[in-house]
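The values are calculated or read from the model by the stated rules, or taken from the named source; none is laboratory data. Predicted model, so just to flag it, every value in this text is computed and none were measured. A quick note on method: Cβ atoms are made from the backbone with ideal geometry, for glycine too, and the neighbour counts reach across all protein chains shown. Only protein heavy atoms, including side chains, enter the accessible area calculation; ligands, DNA and RNA are left aside. Shrake-Rupley method; radii C 1.70, N 1.55, O 1.52, S 1.80 Å.
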Amino acid sequence: MLKDFLVLAGQSIMHRRMRSWLTVIGVFIGITAVVALISIGLGLERTITDQIASVFGVDTFIIMNEGAFGPQAHGPGGSEEYALDLATLRAVEGVKVAAAVRERTAFLQGPPRSDGTPLQGFFPVSGLSPELITEFESFTGELKVQKGGRLFDVGEEAVTVLGSEIANRFQASVGNTVFVAGEGAAELSLTVVGILIPAEEDEGSRGVFAGGMNQSQNQDTIYVPYETMDLLWGPAKDVLITVVRVNPGEDVDEVADRAEEILNARGSEISAVTYTDISEVIGTMTSTISAFLAGIAGISLLVGGVGVMNTMFTSVLERTKEIGVMKAVGAKNGHVLTIFLIESGLMGLVGGIVGTLLGLGLSAAASSIIGRLFGVEMAVVASPTLILTTLVCSFGIGAIAGLWPAWRAAQLPVVDALRYE
Amino acid sequence: MGGSTQDGAERIHIYRTGGLAVPLLEFRGITKDYRLGKTVVRALRGLDLVVEEGEVIAIMGPSGSGKSTLMHIVGALDTPTGGTAFLDGQDLQQLKEHQLVALRGKKVGFVFQTFNLVQTLSAQRNVELPMIFQGIRKGERARRARELLIKVGLGDRVKHKPNELSGGERQRVAMARALANDPEIILADEPTGNLDTESGTPVLAMLKKLSVNDGKTVIIVTHDPDAAAIADRIVRLRDGCVVAVSSYGVEGESGVPSTGCDVDGSINEPSTLGTTTEGDDSHA
């Protein structure tokens with residue numbers, strides 16, 4: 001029976017083609033705007049998360065100071081140091097590789113300069129896990145050393161790679177020794193194994209997470225193996241960032257939670273941040289913005305709904321007699337109500353289909369323009385959920401707008417309706 | 001209007017079956033009041049009417065005499081204000097709205113003066129309409145609709161829209177529609193009112209045939225003497241009362257008003273009812 005009502009409603013719409021189209025136009029303008037804005041928002045989100053994913057991969061998470069990440073983050077993200085027991089972290093079930101960066105300022109003494117005196121002073125010292133260089137290049141960017149030098153290997157201690165600037169100031173070269181004073185009586189003589197290529201010669205190789213690496217000062221810094229930092233200062237609250245890769249097949253979120261729990265139980269104050277966490281935060285931000293824009297676009301949708309209501313009221317008036325006839329031949333009030341609701345719902349739905357197509361087209365066009373302007377590959381997203389929701393909602397908007405007129409039609413006393421001219 | 005007798009009501013109808021069966025339609029002392037602003041219009045004032053199955057009844061009377069109101073009540077489109085109305089043994093006043101809907105969907109078929117076809121639908125779809133509301137399956141519906149259109153002589157017009165048909169053809173489509181759910185009663189409200197004699201004659205012939213061949217009860221509200229000519233009985237109304245019952249061409253029972261008919265007219269004289277000077281429809 002519903003199918004018959006659908007046909008009846010469709011025939012009635014087609015009979016008033018011009019007016020029906022005008023009503024549909026009123027609906028699809030709103031839908032187009034909403035769909036386009038949400039799609040652009042989704043595309044933006046996809047683009048950003050894709051970029052993050054290219055750095056993270058699906059098997060990697062980072063450990064940051066507790067509260068440094070997320071909506072309640074305080075201070076500049078990731079710049080607060082924390083204490084870390086790297087050995088414990090590496091022992092966490094599911095962890096394949098863990099690499100960390102710690103940084104502090106220490107008293108250094110270089111090799112004797114040309115005048116015979118060594119340069120002394122306080123300089124930044126970065127402790128890098130060698131794995132960071134070998135396993136997580138997407139985080140660090142490629143560290144390039146000048147000819148004749150090398151980066152340090154896993155297991156090495158008492159070696160250093162110098163930033164080009166500090167190398168100049170020390171007048172040090174590969175094979176020289178740099179003296180570092182550690183905590184208390186701890187001190188080490190480090191052999192220079194490599195010197196970094198100066199920044200201006202190294203354009204474009206910066207890692208995405210440069211902040212964690214303090215990239216802007218990297219030519220000012222001496223780099224030592226992470227374990228060497230332990231020898232000098234022991235475990236201290238000077239870890240900037242830790243990157244962890246999980247074993248293949250492990251759920252990265254699960255391992256991250258486990259690591260966070262174990263480390264925090266041991267007194268660290270850290271949070272493990274996975275790709276999912278970052279995506280969520282970005283997703284929240286972009287969807288808040290899209291929701292706001294879509295809300296504004298929704299106003300035009302409301303106007304479209306009022307248009308449907310107006311059309312339906314006119315339709316009820318001019319079909320008063322027809323309604324009377326339908327009731328005289330046995331239509332229940334519910335039947336009349338259903339026919340009119342389907343009719344208004346159909347107009348909403350057609351508006352929804354046209355609006356969705358136009359909206360998706362518009363968002364694709366806008367994405368390509370934005371992409372060209374900012375030189376990025378913007379993802380074009382045609383979310384099935386969005387499309388489905390839009391279609392259901394557009395039918396709903398039509399039906400709700402038609403509810404009152406349809407109810408009025410159903411309530412018409414049959415005798416009066418038949419007499420209506 | 002003198003000559004009132006005690007058993008007037010009984011004399012209005014003749015029990016063809018010897019008074020044993022329950023009549024198809026039994027109206028006793030029916031009143032119907034409408035409220036128009038502050039005045040109450042008394043459309044029916046204690047009307048008695050009994051109709052047997054298979055009869056053709058013509059209801060005549062001047063405008064405002066209550067013909068249409070009576071028609072609406074017989075068709076379960078409206079309920080009386082007072083009195084008792086039995087249709088096929090069911091008390092119309094006791095029925096709920098959905099029961100009335102079922103009643104007019106299945107037991108009654110309407111034919112209107114202005115045809116009242118749905119303009120957007122083809123002849124066949126118009127005939128199918130009452131069956132759609134009864135939930136009859138599509139194939140069955142289409143088959144029956146075509147059958148009925150052939151029966152009314154429009155087998156070659158099934159796909160035509162109403163505006164592609166002549167007046168007579170439209171009224172025949174309307175008759176096919178009235179027959180869609182095989183009702184017991186056909187109610188025709190001025191079926192020839194908008195037709196010339198040429199196209200009206202087949203319509204009347206068909207109505208008569210429905211009674212004779214199919215045993216349908218046909219009630220025609222009309223001004224048309226030709227329409228009255230096919231009736232077994234002519235019921236004359238005036239001011240909401242039955243004033244005479246007769247056969248065609250016979251002066252009916254010397255204008256006997258039904259007992260209990262409230263003709264004092266204290267609230268509304270005919271003028272208030274909008275009676276025009278059409279005069280009495282009695283003829284012949």
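When the residues of region A:98-115 are filtered to those that are in contact (Cβ under 8 Å) with a residue 40 or more places away in the chain and open to solvent by 20 Å² or more (accessible area, probe 1.4 Å), which remaining residue is nearest to the chain's Cα centre (by Cα)? Before the answer, list the steps.
Step one: list which residues in region A:98-115 are in contact (Cβ under 8 Å) with a residue 40 or more places away in the chain, which gives A:98-104, A:106-111, A:113-114.
Okay, now just the ones that are also open to solvent by 20 Å² or more (accessible area, probe 1.4 Å), so A:103-104, A:107, A:109, A:113-114.
Details: A:Glu103: 29, A:Arg104: 32, A:Phe107: 41, A:Gln109: 45, A:Arg113: 50, A:Ser114: 53 Å.
Of everything passing the filter in region A:98-115, A:Glu103 is nearest to the chain's Cα centre (by Cα).
Residue by residue through region B:126-141, note down the ones that are touching a Lys or Arg at 6+ places or on another chain (Cβ under 9 Å) and open to solvent by less than 40 Å² (accessible area, probe 1.4 Å). Let's see the steps before the verdict.
Of the residues in region B:126-141, the ones touching a Lys or Arg at 6+ places or on another chain (Cβ under 9 Å) are B:126-134, B:136, B:138.
Across region B:126-141, the qualifying residues are B:Asn126, B:Val127, B:Glu128, B:Leu129, B:Pro130, B:Met131, B:Ile132, B:Phe133.
Conditions first: (1) under 17 Å from A:Tyr226 (Cα atoms); (2) buried (at least 17 other Cβ atoms within 10 Å of the Cβ). A:Glu157 passes all but one, so which condition is the exception?
Of (1) under 17 Å from A:Tyr226 (Cα atoms); (2) buried (at least 17 other Cβ atoms within 10 Å of the Cβ), only one is false for A:Glu157: (2).
Identify the residue in region A:71-95 that is open to solvent by less than 20 Å² (accessible area, probe 1.4 Å) and modelled with pLDDT of 50 or more and, among all such residues, is farthest from A:Asp238 (Cα to Cα). Before the answer, list the steps.
Within region A:71-95, the first condition is being open to solvent by less than 20 Å² (accessible area, probe 1.4 Å), and the residues that meet it are A:78, A:82, A:84, A:86, A:89, A:92, A:94-95.
From the residues that got through so far, the ones that are modelled with pLDDT of 50 or more too are A:82, A:84, A:86, A:89, A:92, A:94-95.
Numbers: A:Tyr82: 5, A:Leu84: 8, A:Leu86: 13, A:Leu89: 16, A:Val92: 21, A:Gly94: 25, A:Val95: 22 Å.
Per the criteria, the residue is A:Gly94.
Restricting the search to region B:107-143, which residues are farther than 26 Å from B:Glu164 by Cβ and at the interface with chain A (Cβ under 7 Å from one of its Cβ atoms)?
B:Gln134, B:Gly135
Pick out the one residue from A:Ser216, A:Ser189 that is at pLDDT below 85 and of a type in the set (S, T, N, Q). I'd like the intermediate steps shown before the answer.
On the way: A:Ser189 fails: at pLDDT below 85.
So the residue among A:Ser216, A:Ser189 that is at pLDDT below 85 and of a type in the set (S, T, N, Q) is A:Ser216.
Based on this model, can you work out whether A:Val308 counts as more than 14 Å from chain B (Cβ to nearest Cβ), open to solvent by less than 10 Å² (accessible area, probe 1.4 Å), farther than 13 Å from A:Val34 by Cα and assigned to a helix (DSSP H, G or I)?
Working: more than 14 Å from chain B (Cβ to nearest Cβ): yes; open to solvent by less than 10 Å² (accessible area, probe 1.4 Å): yes; farther than 13 Å from A:Val34 by Cα: yes; assigned to a helix (DSSP H, G or I): yes.
In short, yes.
Taking the condition crowded, with 18+ Cβ neighbours inside 10 Å, under 28 Å from B:Asn213 (Cβ atoms), touching a Leu at 6+ places or on another chain (Cβ under 8 Å) and of a type in the set (Gly, Ala, Ser), does B:Gly66 pass? Before you say what the answer is, go through the steps one by one.
Working: crowded, with 18+ Cβ neighbours inside 10 Å: yes; under 28 Å from B:Asn213 (Cβ atoms): no; touching a Leu at 6+ places or on another chain (Cβ under 8 Å): yes; of a type in the set (Gly, Ala, Ser): yes.
No; evaluated as a whole, the condition is false for this residue.
Within region A:116-149, which residues are open to solvent by 50 Å² or more (accessible area, probe 1.4 Å) and modelled with pLDDT of 85 or more?
A:Thr117, A:Gln120, A:Phe122
Just give me the residues in region A:334-350 being open to solvent by 30 Å² or more (accessible area, probe 1.4 Å) and either closer than 16 Å to A:Arg408 by Cα or touching a Lys or Arg at 6+ places or on another chain (Cβ under 8 Å) (or both), in sequence order.
Within region A:334-350, the first condition is being open to solvent by 30 Å² or more (accessible area, probe 1.4 Å), and the residues that meet it are A:334, A:337-338, A:341, A:346, A:349-350.
Hits for region A:334-350 are A:Gly334, A:Leu337, A:Thr338, A:Leu341.
Just name the residue that is farthest from the other protein chains (Cβ to nearest Cβ) out of those in region A:364-421 that are among the charged types (D, E, K, R) and outside any helix (DSSP H, G or I). Reasoning before the result, please.
Applying the first criterion (among the charged types (D, E, K, R)) to region A:364-421 yields A:372, A:377, A:408, A:416, A:419, A:421.
Those still in the list that are outside any helix (DSSP H, G or I) too: A:377, A:421.
Values: A:Glu377: 51, A:Glu421: 9 Å.
Among those that are among the charged types (D, E, K, R) and outside any helix (DSSP H, G or I), it is A:Glu377.
Of A:Leu301, A:Leu263, A:Leu317, which residue is assigned to a helix (DSSP H, G or I), free of Cβ contacts under 8 Å to residues at least 12 places away in the same chain and more than 14 Å from chain B (Cβ to nearest Cβ)? Outline the logic, then answer.
Working: A:Leu301 fails: free of Cβ contacts under 8 Å to residues at least 12 places away in the same chain; A:Leu263 fails: free of Cβ contacts under 8 Å to residues at least 12 places away in the same chain.
Just a single option satisfies the conditions, and that option is A:Leu317.
A:Ser268 is checked against (1) part of a helix (DSSP H, G or I); (2) crowded, with 20+ Cβ neighbours inside 10 Å and fails just one. What number does that condition carry?
(1)
Just checking, which of B:Val101, B:Val74 is facing another protein chain (nearest Cβ under 8 Å) and of a type in the set (Val, Ile, Thr)? Spell out how you get there, then give the answer.
On the way: B:Val74 fails: facing another protein chain (nearest Cβ under 8 Å).
Selected residue: B:Val101, the only one of B:Val101, B:Val74 that is facing another protein chain (nearest Cβ under 8 Å) and of a type in the set (Val, Ile, Thr).
Please give the number of the condition A:Asp59 fails out of (1) surrounded by fewer than 21 Cβ atoms within 10 Å (Cβ to Cβ); (2) in the same structural domain as A:Ile397 (by TED's automatic domain parsing).
Of everything listed in (1) surrounded by fewer than 21 Cβ atoms within 10 Å (Cβ to Cβ); (2) in the same structural domain as A:Ile397 (by TED's automatic domain parsing), A:Asp59 misses just condition (2).
Out of the residues in region A:1-51 that are within 11 Å of another protein chain (Cβ to nearest Cβ) and open to solvent by less than 10 Å² (accessible area, probe 1.4 Å), which is farthest from A:Gly348 (Cα to Cα)?
Checked region A:1-51; the qualifying residue farthest from A:Gly348 (Cα to Cα) is A:Phe5.
Considering only residues of region B:144-162 that are touching a residue at least 40 places away in the same chain (Cβ under 8 Å) and more than 14 Å from every other protein chain (Cβ to nearest Cβ), which is most open to solvent (accessible area, probe 1.4 Å)? Lay out the reasoning, then the answer.
As a first pass, look at region B:144-162 and keep what is touching a residue at least 40 places away in the same chain (Cβ under 8 Å): B:152-153, B:161-162.
From the residues that got through so far, the ones that are more than 14 Å from every other protein chain (Cβ to nearest Cβ) too are B:152-153.
Values: B:Val152: 7, B:Gly153: 47 Å².
This residue is B:Gly153.
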